[in-house]
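> Here's a structure for you.
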Amino acid sequence: MKTSKKHARQKNLPNNSSNSRAVLVGLSVAIVSVKDEQPRVLVVERENKPDAIPFGNFDPLEHRTLDTGLLKWVEEQTGLQLGYIEQLYTFGDRGRHTTHLGDNPRVLSVGYLALTRSDRVLAATDSKWRDCYSYFPWEDWRSKSPKVIRTPIIPALRKFAKDGMGSRQIGQRRNRIAMCFGSKDIAWDEEKVLERYELLYESGLVAEAQIDRGLESVNHATLGPSMMYDHRRILATAMGRLRGKMKYRPVVFELMPPEFTLLELQRTVEAISGIRLHKQNFRRLVESQGLVEGTGHHSKQGRGRPAEQFRFRRDVLLQRPTPGFLLGPRLP
């Protein structure tokens with residue numbers, strides 16, 4: 001990857017006592033696309049280090065706003081010109097960018113979600129698309145309940161609850177487990193991506209928890225690879241935000257080509273939400289919302305008859321304040 005001046009500054013921060021009270025503003029972005037019915041995130045591969053989502057420093061002299069700074073260095077590093085971006089949250093936990101506290105500047109990282117189409121060409125050889133569910137294998141319910149939830153997650157979380165300090169904390173932990181992973185009385189909520197990751201982090205089940213606590217890393221390969229710093233937490237925030245937002249805003253069309261079939265649209269929504277949807281109910285929803293219009297073109301799909309192609313009706317944004325996919329219950 002071509003190293004920009006901003007990255008050079010980030011890698012060569014001075015290390016002296018005058019920096020103990022310094023604050024840097026970092027920009028981190030989870031860039032999401034969908035290809036072959038799989039949600040993907042753009043990661044930067046670093047030698048002998050975990051994957052990272054693209055990140056860099058905000059330069060107040062060069063960048064007019066945080067957003068323009070983000071767009072500029074992402075384009076420099078990856079060649080991508082981002083369209084849809086959304087600020088998620090500011091992450092400022094002490095030590096999140098170093099394991100040695102003391103003289104290093106404090107880093108406040110502003111996390112972003114960005115959406116792009118899967119046909120975008122990457123300019124950097126060390127930037128790769130990775131399956132989002134490789135980092136969160138418990139989030140994909142499209143075929144059935146993920147095996148990883150039954151073991152090791154639920155047994156380990158039950159022990160975590162049992163080890164609580166007193167009946168109050170034990171009860172609180174049990175309630176969190178039920179809210180995050182569902183129970184006999186509580187349905188799975190696909191939006192709680194961040195809450196599930198944070199529960200797994202607090203219980204010590206993900207590798208980042210071991211690393212941040214200075215402990216010897218426990219092999220939890222079945223729970224996905226770790227990411228640099230708290231980038232998996234930022235990615236979890238992005239996925240939860242995207243799952244929730246597409247229910248009331250048509251952001252999913254940022255992931256679609258100019259023309260698409262209704263089946264392709266449904267599979268993209270399913271890829272992001274991690275649940276299967278009823279075909280006829282989905283089509284009725286799309287028609288009732290007026291989100292698409294026919295193009296008069298058809299595409300060949302398999303051995304069946306050619307499927308009609310559609311495009312997004314952008315003027316729907318002017319007609320209703322909340323056009324989106326109000327998803328019903330997942331298919332069993």
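The values are calculated or read from the model by the stated rules, or taken from the named source; none is laboratory data. Just so we're clear, the structure is a prediction, and the values are computed from it rather than from any experiment. Note that we place each Cβ from the backbone using ideal geometry, even for glycine, and neighbour counts take in every protein chain shown.
> Working carefully through the options SER273, SER217, SER288, find the one that is closer than 30 Å to ARG305 by Cα, modelled with pLDDT under 90 and not assigned by TED's automatic domain parsing to the domain that holds LEU42.
Numbers: SER273 fails: modelled with pLDDT under 90; SER217 fails: closer than 30 Å to ARG305 by Cα.
Among SER273, SER217, SER288, only SER288 is closer than 30 Å to ARG305 by Cα, modelled with pLDDT under 90 and not assigned by TED's automatic domain parsing to the domain that holds LEU42.
> What number of residues within the stretch 22-41 satisfy the criterion of being farther than 19 Å from VAL251 by Cβ and either under 12 Å from the mean Cα position of the chain (by Cα) or in a strand (DSSP E or B) (or both)? If you could, list the steps in order and put the result at the bottom.
So the first thing to find is which residues in the stretch 22-41 are farther than 19 Å from VAL251 by Cβ, and the list is 22-28, 36.
Subset that is either under 12 Å from the mean Cα position of the chain (by Cα) or in a strand (DSSP E or B) (or both): 23-28.
Here the count works out to 6.
> For the condition at pLDDT below 95 and either in the same structural domain as ASP67 (by TED's automatic domain parsing) or touching a Gly at 6+ places or on another chain (Cβ under 9 Å) (or both), what is the one hit in ASP126, ASP140? Spell out how you get there, then give the answer.
Values: ASP140 fails: at pLDDT below 95.
Step by step, each of ASP126, ASP140 is checked, and only ASP126 is at pLDDT below 95 and either in the same structural domain as ASP67 (by TED's automatic domain parsing) or touching a Gly at 6+ places or on another chain (Cβ under 9 Å) (or both).
> Let me ask something additional. Can you work out which of the residues in the stretch 143-175 that are over 24 Å from the mean Cα position of the chain (by Cα) and either surrounded by 17 or more Cβ atoms within 10 Å (Cβ to Cβ) or not assigned by TED's automatic domain parsing to the domain that holds TYR201 (or both) is nearest to VAL206 (Cα to Cα)? Before the answer, list the steps.
Kept after step one, since they are over 24 Å from the mean Cα position of the chain (by Cα), are these residues of the stretch 143-175: 155-156, 158-175.
Subsequent filtering for residues that are either surrounded by 17 or more Cβ atoms within 10 Å (Cβ to Cβ) or not assigned by TED's automatic domain parsing to the domain that holds TYR201 (or both) retains 160-161, 173-174.
Details: PHE160: 13, ALA161: 16, ARG173: 17, ARG174: 19 Å.
The extreme case among them is PHE160.
> Any idea which of ALA178, ALA209, ALA236 is aliphatic (A, V, I, L, M), crowded, with 17+ Cβ neighbours inside 10 Å, at pLDDT 95 or above and part of a helix (DSSP H, G or I)?
ALA236
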